[in-house]
Each structure stands twice: as C-alpha cells, then as structure tokens.
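Note sheet for the following structure.
The numbers here are math on the coordinates, done by the rules we state, and not lab data. Just so we're clear, the structure is a prediction, and the values are computed from it rather than from any experiment. Here the Cβ positions follow ideal geometry from the backbone for every residue, glycine too, while neighbour counts run over all protein chains shown.
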C-alpha cells in the first residue's frame, strides 16, 4: 500500500460522519445555549475588534484577530472552496455557510476559554486547548495528547497544503517550477518566524486586511458583471444543499461532508487553533476576545469563501466529480483547485486571472503558514515551559516547519491535502470534546460580560466571581485595568 492509500484510509476513519455531525451539533448546542451571540452581538464584535492596545506581554485585539484570521484565511478559501464544489457540488457551499454560522458559537467558547486559562510564558501570553484542558479539566495526559497532536498537525501535516497551493498556482500563472517557489516561501517565512510572536502579529496586521479586501473587490466586480445570473446561482446552491436538484440530488451526503470538512479547514471553528491566537491578546475580559474570534469566522467563510464560490459558480468554471466520472464537466481536463478560481477571474480580464489568484493565494497561504508556526510554538512552550530545553525545541519547531513547507511545495496536491485533513481532524476531535466538557465555564464568561455591560461599565474579568479556579493570571490583569480583583 502506497503513502497516498494509507493517508486516505486514515482520513476515512478520522473524517467519518461522526465528526461531521459532531461539528454541526456542537455548533447548534453552543449557539442555542448562549442565545446566538453571533447575531445579538454582531455590532459589538466590530467595536471590540478595533479596541484595545498591545502590551509587553500581549498583542492588541486587532493583531490577535489578524493572526487568527491569517490562519483561517488561507488556501482553503480558494483551493478548498473549489475542492468542495468539485466533490460535493454547489450545495457544499451552503454547508460551508452553515458550519461558519454555527461554528461562530464554538469559536466564542474556545477563544474565551483560552483567555480564562492563559499563562505568561517567557514574557508572552500563551494559551489554547492544551492549557484549558489541563487547568480546566485537570487532565494532564489529555492536554499533552492535544499539544503533541497539534505540533505534528500544524508543524508537519498542514504546511504542505498551503505551500502546494502556492506552488501550483504560481506554476500555472508564471511557469515557475515548484522547487523554486518552495525555496522563496521558506526564505521569507524564516525571516519572520525567527522574530517571535510580536513580529508575526505585526506582519498579520498589515497583510491580512490588504489581501482579503483586494480579493473581495475583484469578486464583487465579477458578480456585478454577471448579476443577472445571481438568482439562478443562489437557487442552485440551496436546491443542491437539500437534495432537490435533479443533477445533484444523489450526492446530498457528499455535499454535507465536503461543505463541513472544507468549511472547518478554512474557518477553523472548533479545531483548536484559533484559541491559541486568542490567548495572546491583551484584553480586560475573556468574552471580548471570544466575540472577536467569532467574528473572524464570519469574515473567513461568509465573505472570503463566498467570494470564491460565487466567482466559480456564476462563471460556470467548475466540474463536479462522481466516482471516476463527472456529474458536471464544464471545463474538461482542468484539475480541481486554484485553477477553477483563476479561470473565473480570467472571464473578467483575460490573462489577468491566473496571476491575480496566484498572488492572492500567496498572501492567503503565507499568513496561514505564519499562524501555523505560532500554533506549533505555543504548544512547544506548553510542553516545555520553564525548561531550559524550550529555546532549543522552539528552534527545532521552526526548522521542522520550514522543511515540511518545502516538502509540501514539491509533492502532489492529493497527498498534501490528505495529510492536512488528518491534522485538522485530529485537533477537531480532541478540542471539541474538551470545550463541551468545559461548557459551564465558557458560557459563564458571556453571562458575566453581559451582566457588567448592563451596569454600564467596561467589563473586567474576576474568575473567582463566577467560581473559576486555576486562572491566577487574572489578578495581575485586573490590576492592569485599574480594577481590583479579589
């Protein structure tokens, strides 16, 4: 059995229907339990996003948002959306929207928990699932399992997907060999990751808004140019999503699977990576960063992924596979991936699409690689905090990420995506179970925050007030915000 077959077999186990429906079910569970904060506090999310400042130990709310969004907005928003349509039909787009809307509830919980249980390690805030599993659930073995799984996932399995998509799109647009693109990527990546979390935050703060806005503007122009077809495209998405479309009715289960799978890959809601960026933020209350991270899920999927989906569907530049054949083959011989989007942009300005998408994909995927490194470093810091070996191991993590990035650039796309799906699936299983077990604490942060808002004060978190233990750092944080925490 070759490596590709082994990877496929593992994915069939990890991404069984159980994980798909667990992700959807937990999103519903948290959204209903908190009375849909992703709707009630939408305006407040934007206000929080623009507030707050960086400190010696933490980054600003916007930098943390940009770091997390840098991880979320990546190749999944271009190649991932195209793959979802190619494998699950247009209906997969609806299920990407569904997991984004519901996943915003899960994103709130995991980000708030990361803030509650964060620690200061080597002068910087660190946190995430490993920290809240150990301190909230008091299950050290479980926390170590998550940390080790995450280091492998974001340090070895996932970087290859981003690098492979960059190399593929650059080769398609400019004819540059994958190995040259791979070397350029790791050279640029090395110059930033050796600067630490502050440099990552600064880079993301600049790159993420620029790349997302430019991409969405181009998408809007294409949609407006073909506006008469928009109602038919929306009808196609919804009819395909619920099995009522004649051509796609037989692949309803596949549409749900690929929509949720690629939605989670893109927006990372419940996956456990977003909370690591959330923990780095300097805020007065965990709920502030919880709401900001919930908003980043919206930006990723409802804006950027939708931009890709509409460009592809409205221009008809897609194929839909069924076994060894096709249900729809509008562009014969074109492999699923960035090429769908490149051809769609080309309909607006012939000869422009391939280059524009290659550049956009470079920025999208590059900032995701930065986020992956930060996530790997956070978990190395967790495993070896207060150890003299920490610096050496962080150096090894940097080298490992650079090596896996180059390897992914020159490997086949199927293998790169397969390995990436294993990484995402492992983290999702471990993290979702943990946040469900910590429901009481997560929901309590929102209730406490809303209660303080009603009193007309800027909320400051006091863990003892809501019965949360092992959150000692908040005594120091409370003093920073000029509020005594008992």
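Counting beta carbons within 10 Å around each of 124, 450, 268 and listing the fewest first gives the order 450, 124, 268.
Pairs of Cα atoms in segment 251-349 fall into 10 Å distance bins, from 0 up to the last occupied one, in shares of 13, 34, 28, 16, 8, 1 percent. Between 0 and 90 degrees, the angle of helix 61-72 with respect to the longest Cα principal axis of the chain falls at about 40 degrees.
May I ask you to derive the FRET efficiency for residue 388 and residue 138 from their Cβ-Cβ distance with R0 = 41 Å, giving the value to the nearest 0.05? About 0.95, to the nearest 0.05. Annotation: peptides 160-171, 9-20, 31-42, ranked by per-residue average of other Cβ atoms within 10 Å with the highest first, follow the order 160-171, 31-42, 9-20.
Considering helices alone, the calculated mean residue ellipticity of the chain at 222 nm is -22500 deg cm²/dmol, with DSSP H runs of length four and up weighted by -39500 (n - 2.57) and normalised per residue.
Each of the peptides 285-293, 434-442 was scored by the mean count of other Cβ atoms within 10 Å over its residues; in descending order, highest first, they stand as 285-293, 434-442.
Relative to the longest principal axis of the Cα atoms of the chain, the long axis of helix 306-315 makes an angle of roughly 10 degrees. Relative to the longest principal axis of the Cα atoms of the chain, the long axis of helix 353-383 lies at roughly 30 degrees. Scoring 396-403, 254-261 by mean Cβ neighbours within 10 Å over their residues and listing the highest first yields 254-261, 396-403. Restricting the calculation to Cα atoms, the chain yields a radius of gyration followed by a Dmax of 21.4, 67 Å.
When 23, 305 are arranged by Cβ crowding within 10 Å, least crowded first, meaning fewest neighbours, the order is 23, 305. Mean projected area of the convex hull spanned by the Cα atoms of segment 329-409, taken over all viewing directions: 7.1 nm².
Sorted ascending by nearby beta carbons within 10 Å, beginning with the fewest, 126, 262 become 126, 262.
With no solvent and one equal point scatterer per Cα, compute the Debye intensity ratio I(q)/I(0) for segment 106-181 at 0.11, 0.13, 0.19 Å⁻¹ and report its log10, rounded to two decimals. So the normalised log intensities work out to -0.47, -0.58, -0.82.
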